[in-house]
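A single structure is presented below for examination.
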Amino acid sequence: MDALTTFSRVVSEATSLLGESGFAPALGNGIRELIEADDVSLIRYPDAGPPVIEYTLPPKRRGKTTLDRYVKGPFLLDPFYRAAQVDEHFGVFRLRDLAPSGFKESEYFRTWYHECGFQDECGLLIELDSGALNLALGMTGSSRRFSKRQVDRLEAVCPAVESLVRRHWNPLTPVAESADLRTRLQEALGAFGSSVLTRREQQVIELVLLGNSTRLVADKLGISAETVKLHRKHAYAKLDISSQAELFYLFVDALASQTGDSGADPLTSYHHRSKGDKPA
């Protein structure tokens, strides 16, 4: 079946399912087939609350637990989320278009992309009345990467897909009880380590968590690479960790433990819980 025929079928099926639960699977699977990708997820980023997994086609190596953890805080480190919700960039992007220098050496990449089985990712970021939607496509083969032909094809169908997505999701209104959850999580990222680190050490740690290389951290803060390394060494010692992997998991665990004031360091709740879990 040629691309035009495939896309016509996808549009027809998705249009017939507008406003229904079958819309996201029909659109996602249709675009995955058209682009010849291995995996697809539709992830909605509401202005109020954490991401919502509208549809996913799980590869063998990804389970529900991975996505459950993703929406509880680590999404703050996702380049696609940050492009849409922080930088307000929309359209078709490959991972390498958005990720900072050194991102593939970050613990976020090693953890999430390994668990998903992704070797490459391409997303169509669509602006909604409230938030955005990421139609995320993945390649899972050991040597699989998105080609220019695939990206060009996704860009060609982008206007039609955007129109369908907006017609389906724009009537949605945010859930009241999660209205400020995303804001609180973003504040937690900014406050992480503030109870034990200097402001400069905290800035370095936040940029490291976001996947920036030492050189890029230095450029963003206007300091030397050696000074970055020194701040990172001091921060690791204060946090009682010795690697980026430990930093990543400490951040995830601290977010999961956070209670009370969203502007407070989530480590405070984490350490309080850890002490409470120890036997007397």
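Read-outs throughout are calculated quantities, based only on the coordinates presented, and are distinct from any laboratory measurement. What you see is a predicted model, and the numbers here were worked out from it, not measured in a lab. Here the Cβ is made from the backbone with ideal geometry for all residues, glycine too, and neighbour counts use every protein chain on show.
Where the convex hull is taken over the Cα atoms of the stretch 8-169, what is its projected area averaged over directions, in nm²?
With the hull built on Cα positions only, its mean projection is 8.9 nm².
Moving on. Read phi for every residue in the stretch 150-155 and hand back ³J(HN,Hα) as whole Hz from Karplus 6.51 cos²θ - 1.76 cosθ + 1.60, θ = phi - 60°, with x for Gly and Pro.
5, 5, 4, 5, 5, 5
Here's something else I'd like to know. Helix 181-191 versus the longest principal axis of the chain: what angle, 0 to 90°, nearest 10, using Cα atoms?
40
Pull out the extension gain between D129 and V86, defined as 0.36 nm times the separation in residues minus the alpha carbon to alpha carbon distance; nm, one decimal.
Answer, rounded to one decimal: 13.9 nm.
For the stretch 203-250, max minus min Cα coordinate along each principal axis, in Å, sorted largest first?
Largest first, the stretch 203-250 extends 26, 18, 13 Å along its Cα principal axes.
Show me the ranking of peptides 233-243, 92-102 by mean Cβ neighbours inside 10 Å, starting with the highest.
92-102, 233-243
Additional query: Looking at the stretch 49-145, I'd like the Rg to Rh ratio, where Rg is from alpha-carbon atoms and Rh is Kirkwood's inverse mean 1/r.
For the stretch 49-145, the value is 0.92.
Need the full-extension length gain, K148 to A237, defined as separation in residues times 0.36 nm minus the C-alpha distance. One decimal, nm.
Once the chain is fully extended between K148 and A237, it gains 27.6 nm.
Could you sort 138-146, 124-132 so that the peptide with the highest average Cβ count within 10 Å comes first and the rest follow in order?
Per-residue Cβ counts within 10 Å, averaged per peptide and sorted highest first, yield 124-132, 138-146.
Of all the C-alpha pairs in the chain, what % are more than 33 Å from each other?
27
Still on this model: So what's the angle, to the nearest 10 degrees on a 0 to 90 scale, between helix 3-16 and the longest Cα principal axis of the chain?
Approximately 80 degrees, to the nearest ten.
Placing one identical point scatterer on every Cα of the stretch 180-265 and ignoring solvent, what is log10 I(q)/I(0) from the Debye formula at q = 0.11, 0.16, 0.18, 0.22 Å⁻¹?
-0.28, -0.60, -0.75, -1.07
Right, something else. Might you report the magnitude of the Cβ-based charge dipole of the chain about its Cα centre, with Lys and Arg at +1 and Asp and Glu at -1, to the nearest 20 debye?
Charge dipole, the chain, about its Cα centre: 780 debye, nearest 20.
Moving on to the next point. Report, in degrees rounded to the nearest 10, the 0 to 90 angle that the Cα long axis of helix 266-277 makes with the longest principal axis of the chain.
Between the helix axis and the principal axis of the chain, the angle is about 70 degrees.
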